[in-house]
Amino acid sequence: MIDEATVAAGIGSVWSGAQQRKDRSRFLLAATGGDGHHTVLSSAEIDADFGNVPVLLATRMDNQELDTVGSRLVAPADRCSARCISAITRVWVGAWATPGQNGIVSHSKIRPQPGKSPST
């Protein structure tokens, strides 16, 4: 299962070089679910200094661990549920290049912990 600590570690390794506020707005987070559904969020959407949109990584529901069905990504402020991802199998965090660089310059792939992969 992908949990908050694993995602935070992956994000921290990529975002650590973003010292200025405007640098933080170039990061992306992509999540893929067990059914192949995926979505992309920008750091500016969820950063409190920018959009401050709530995005939840659920690892428990109704006081039960989601080990058997996998973690869920939920964007409760969205008017439709297109960015809600079930049974997360992969999270990717990356930085878009600054002027003078080409493409993606830094990224982290986060996969479920061994022995805790969600059933699909």
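Values quoted throughout were computed directly from the atomic coordinates according to the rules given, and no laboratory measurement underlies them. None of these values were measured; they are calculated from a predicted model. Because the Cβ atoms are built from the backbone with ideal geometry, glycine has one as well, and the counts that use them run over all protein chains shown.
List PHE50, PHE27 from most exposed to least, where exposure is judged by having the fewest other Cβ atoms within 10 Å.
PHE50, PHE27
Once you have the Cα-Cα distance between PHE50 and ARG26, take 0.36 nm times their residue separation minus that, and quote the gain in nm to one decimal.
Residue separation times 0.36 nm, minus the Cα-Cα distance, leaves 7.5 nm.
In the stretch 27-42, which residues have a backbone nitrogen under 12 Å from the label point lying 7 Å from CYS80's Cα in the Cα-to-Cβ direction?
Inside the label zone: nothing.
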